[in-house]
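The values are calculated or read from the model by the stated rules, or taken from the named source; none is laboratory data. All figures in this text were calculated on a predicted structure; none of them were measured in a lab. No Cβ is skipped: glycine too gets one built from the backbone with ideal geometry, and neighbour counts run over all protein chains shown. When the accessible area is computed, the model is the full protein with side chains, heavy atoms only, and any ligands, DNA or RNA have been set aside. Shrake-Rupley method; radii C 1.70, N 1.55, O 1.52, S 1.80 Å.
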Amino acid sequence: MHTRNPYQHPLDFLALAQAYPALKTHLIHTLHGAAIDFKNETAQRRLTEAILHRDFGLRLDLPSGRLCPPVPNRLNYILWLEDVLEAVALAEPSNDPARGHVRVFDIGTGASAIYPLLGCSTHPNWKFTATEVDPLSIRYARQNVSQNGLEERIHIVQADPDGGILAPLERSDVTYDFTMCNPPFYASREEVIQSAEAKEFEPNAVCTGADTEMITPGGEANFVGRMVQESVQLRDRCRWFTSMLGKMSSLTHIVHILREHAVTNYAITELVQGQTRRWAIAWSYCDVHLPDPIGRLSHHALQSILPPRNTLVQPLQQAASPAQVVPILTSVLASVDGLTVRQKSPESGAADVIATAYGNTWSRAARRKKRDAMPVEMDSRAQSEVQLVCRTRLGSNLGEESAVTLVFDWVAGKDRGLFESFASHVERKVVGALVLM
Ligand code: SAH
């Protein structure tokens, strides 16, 4: 589960029922305290309503026979998007967290409109366009939006089941920050039954979804595969295309499609909630990159589909403490011509900085050119355009006493080689200075 997810510890059902009395009749009293029967559909609905009411101030109405979303699992996906957003913000010059609106496009929002409701209640600057094909779900989604007073921020649109999944993006003049999607998982009713028998999904809970919600031709792999194909045309109309996936095999399939289209800027993560395991994938056509802890889940089974590394970690054996390295790092960065350096935050000080380069000024060739006062080859356009944004910080090697590490995150830029060359230059200079101490 995401480290910021507040539902990491077992719920206190008694306290929850006090805050939402309709849950009371569903409490079961066991030796270990109060619980609810997760196999009882009504109990599950009351639980979701109770959590949304107490912890998010939201009111939810669902028709019978439609999915009842478990809040902790849905929140995991939102929290991962928050991480992505925070990483992406480093590429912006002001790094202002209170920047304008974040525009989200939720595909298949369901009767609950759960992602828009959760997203808006936890982020005052998020706005959603949400699509749905099922008329009954659309009706309820709109009602859920209006009874929470969110009509100004959540727009529910009817999707054409035979049209493009991302078609509304094409027609919109808004640039979206994210798509998000919890696609119908299955390809057929047989697959639903098989997977229930194999207890592949939600082993402890009843499945409350209707066929329209759970089944799509070709299953989730095909659905998200279509999103990838459509995104190739849309490109930067949306900064990050993302989707949740229920099966590891779908993840592999989607990565292959991305690679077929030469999309190397992608990220994958795992969303774990109790015994339920989900995956999420994000891809982008812009030049902003995500650090490995967010986008490169190190699971041995996924080695072959992991994206290229965006985080380089160099242990500094010679360093006794981060405090010893900070002034060295500061002076090494200050010695790079034309580099602008800002602290990531006032608290991080000089141990965590964002360096912006307008061209390669550190290579031997660039320095020789400067020394010989030869005309610099970079044209004026290249000089004014950011070529590289690199977060440079000091970390520590957990478990190894006093092992300081130098960590480089590729935040933005087109040229991976430029990032690697910058990191290796800074590392060589820092190590060189440490050796002399
Ligand atoms: N987002 C909700 C519902 C997910 S179920 C939740 O997380 O609980 C998947 C939803 O996608 C269903 O409501 C289904 O009706 C909808 N759907 C299926 N095909 C679609 C399409 N082409 N465009 C938009 N929504 C679609």
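A few remarks follow.
- Accessible carbon and sulfur surface of the chain relative to its total accessible area, %, 1.4 Å: 52 percent
- The chain: Rg to Rh, with Rh as the Kirkwood radius over Cα pairs: 1.02
- For the chain, the longest principal axis of the Cα atoms and the long axis of helix 135-146 meet at an angle of about 70 degrees.
- Using a cutoff of 8 angstrom between alpha carbon atoms and counting only pairs six or more residues apart, the relative contact order for the range 87-153 works out to 33 percent.
- With R₀ set to 45 Å, the beta-carbon distance separating Q275 from D372 gives a calculated FRET efficiency near 0.10.
- Checking the cross-link pairs K24/K247; K370/K429; K247/K344; K344/K414 against a 25 Å limit on the alpha carbon distance flags K24/K247; K247/K344 as lying beyond it.
- Derived scalar couplings ³J(HN,Hα) [the range 154-167; Karplus, 6.51 cos²θ - 1.76 cosθ + 1.60; whole Hz; x for Gly, Pro]: 10, 10, 9, 10, 6, 9, 8, x, 9, x, x, 5, 9, 3
- On a per residue basis, the range 1-64 carries 59 Å² of accessible surface, using protein heavy atoms and a 1.4 Å probe.
- For the range 171-177, backbone phi angles converted through the Karplus equation (6.51, -1.76, 1.60; θ = phi - 60°) give residue-by-residue couplings of 7, 8, 9, 8, 8, 8, 7 Hz, Gly and Pro being listed as x.
- Contour excess over end-to-end distance, with Cα ends at L11 and K24 and 0.36 nm allotted per residue: 3.3 nm
- When the charge dipole of the chain is built from unit charges on Cβ atoms (+1 for Lys and Arg, -1 for Asp and Glu) and taken about the Cα centre, the candidate among Q143, H300, V332 whose Cα reaches farthest toward its positive end is V332.
- Only Cα pairs under 8 Å and 6+ residues apart enter the sum, and on that basis the relative contact order of the range 63-305 stands at 20 percent.
- In loop segments of the range 35-122 as defined by DSSP, the trypsin sites (Lys or Arg not before Pro) with at most 11 further C-beta atoms inside 10 Å of their C-beta are K39.
- Remark: the range 56-67, residue by residue, has Karplus-estimated 3J(HN,Hα) of 10, x, 10, 10, 10, 10, 10, x, 6, x, 10, 3 Hz, where x stands for each Gly or Pro and the curve is 6.51 cos²θ - 1.76 cosθ + 1.60 at θ = phi - 60°.
- Positive-end extreme of charge dipole, the chain - chosen from G218, C68, H53 (charges on Cβ): H53
- As a calculated quantity, the FRET efficiency between V313 and L136 at R0 = 41 Å, using C-beta atoms, amounts to about 0.20.
- Inter-label distance, nm, simple model (7 Å from Cα along the C-beta direction), S335/R364: 1.7 nm
- Cα gyration tensor, the range 1-153 - rounded (a/c under 1.5), prolate or oblate: oblate
- The relative contact order of the chain, computed from alpha carbon pairs under 8 Å that lie at least 6 residues apart in sequence, is 12 percent.
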